[in-house]
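Here's the structure we're looking at; comments come further down.
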Amino acid sequence: MKVRDSVVLISGANRGLGRTWGRLLLEAGARKVYAGARDPRSIDLPDVIPLELDITDPEQVRRAAAECGDVTLLVNNAGIVRGGHVFDDEAVDRARQELDTNLFGTLAMCRAFAPILVANGGGAIVNVLSVLSWISIPGGATYAMSKPATWSMTNGVRIALRPQGTQVVGLHVAFMDTDMTSGIDAPKASPQDVVAQAIAALEAGQEEVLADALTREVKHGLSLERGVYLVAAG
């Protein structure tokens, strides 16, 4: 995947990591960037094309695919986190909301744009995942249900789209210095560094990015005799 002269659609592009994606892709030479958000008026990044996009709305996903038929790179960045413990009164409702966006909304975008990507030469998809693809933490237990499911879905999409020449990258990261983690006292990765690693992985033909030390440590810990997912965290 070559970023220069690419045509990109980013979901959840109005703030945080999504906004950083837009800025750095333009700096890297992307020819056109569609910036999707539930409220396109919240898009303030110059030189992008604002797009109304709620990935949980099938009609908006269909319309995005119809309007953005020149896309060669899809960045599935949109996601939500509701927080809370697994036995909270509202845990099931929170889990459904997070799965609806993080898993099913992302899958809907992959399905809608797969034919467009192959028509434009193959292209690439980046799914923004998490260190919580592999572990759970008490304060984010329902969110940590959605991310392993989305990781597995990403692996399935990769296998399904490999014959058409579409590169599928899973981007795993722990805490980043964004609004979403403003109340968390922990080491945080720079969004700029995370996106730069993902762009480098795209251009190197890689399929997975472990964007920080904690994520790499957790992934390594999966193979321990007592896997890291068995150890209480948080």
(Q) If residue 127 meets every condition in (1) under 25 Å from residue 216 (Cβ atoms); (2) in contact (Cβ under 8 Å) with a residue 40 or more places away in the chain; (3) in contact with a His (Cβ under 9 Å, 6 or more places away or on another chain); (4) of a type outside the set (Phe, Trp, Tyr) apart from one, which number is that one? (A) (3)
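Go through segment 204-218 and give me each residue that's within 17 Å of residue 127 (Cα to Cα), in contact (Cβ under 8 Å) with a residue 24 or more places away in the chain and either open to solvent by 60 Å² or more (accessible area, probe 1.4 Å) or part of a helix (DSSP H, G or I) (or both).
Within segment 204-218, 206, 207, 208, 215 qualify.
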(Q) Given the criterion within 23 Å of residue 157 (Cβ to Cβ), aliphatic (A, V, I, L, M) and in contact with a Phe, Trp or Tyr (Cβ under 8 Å, 6 or more places away or on another chain), identify the matching residue among 10, 55, 49. (A) 10
**Q.** residue 96 vs. criteria open to solvent by 10 Å² or more (accessible area, probe 1.4 Å), in contact (Cβ under 8 Å) with a residue 24 or more places away in the chain and among the basic types (Lys, Arg)
**A.** no
Q) How many residues does segment 2-27 hold that are of a type outside the set (S, T, N, Q) and over 16 Å from residue 123 (Cα atoms)? A) 13
Q. From the list 17, 51, 26, which residue is in contact with a strand residue (DSSP E or B) (Cβ under 7 Å, 6 or more places away or on another chain) and open to solvent by 20 Å² or more (accessible area, probe 1.4 Å)?
A. 26
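Specify which of the listed residues (201, 233) is part of a helix (DSSP H, G or I) and either at pLDDT 95 or above or surrounded by 13 or more Cβ atoms within 10 Å (Cβ to Cβ) (or both). Working first, answer last.
Working: 233 fails: part of a helix (DSSP H, G or I).
When all the criteria are applied, what remains is 201.
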**Q.** Pair list, Cβ under 7 Å, 6 or more apart: segment 1-15 residue in contact (Cβ under 8 Å) with a residue 60 or more places away in the chain, other residue polar (S, T, N, Q)
**A.** 1/167; 6/72; 7/72; 10/77; 11/76; 11/77; 12/77; 13/77
Q: Being under 13 Å from the mean Cα position of the chain (by Cα) and surrounded by 24 or more Cβ atoms within 10 Å (Cβ to Cβ) is the filter here, so list the residues in segment 133-157 that pass it.
A: 146, 147, 150, 154
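Across segment 219-230, what is the total count of residues that are outside any helix (DSSP H, G or I) and among the hydroxyl-bearing types (Ser, Thr, Tyr)?
1
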Q: Run residue 116 past the list (1) β-branched (Val, Ile, Thr); (2) closer than 22 Å to residue 17 by Cα; (3) open to solvent by 10 Å² or more (accessible area, probe 1.4 Å) and report the number of the one that doesn't hold.
A: (2)
Q: Look at residue 160 and say whether it is part of a helix (DSSP H, G or I), in contact with a Leu (Cβ under 9 Å, 6 or more places away or on another chain) and not charged (D, E, K, R).
A: no
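The values are calculated or read from the model by the stated rules, or taken from the named source; none is laboratory data. The structure displayed is predicted, hence computed values, not measured ones. Here the Cβ is made from the backbone with ideal geometry for all residues, glycine too, and neighbour counts use every protein chain on show. Side chains included, ligands, DNA and RNA excluded: accessible areas come from the protein's heavy atoms. Shrake-Rupley method; radii C 1.70, N 1.55, O 1.52, S 1.80 Å.
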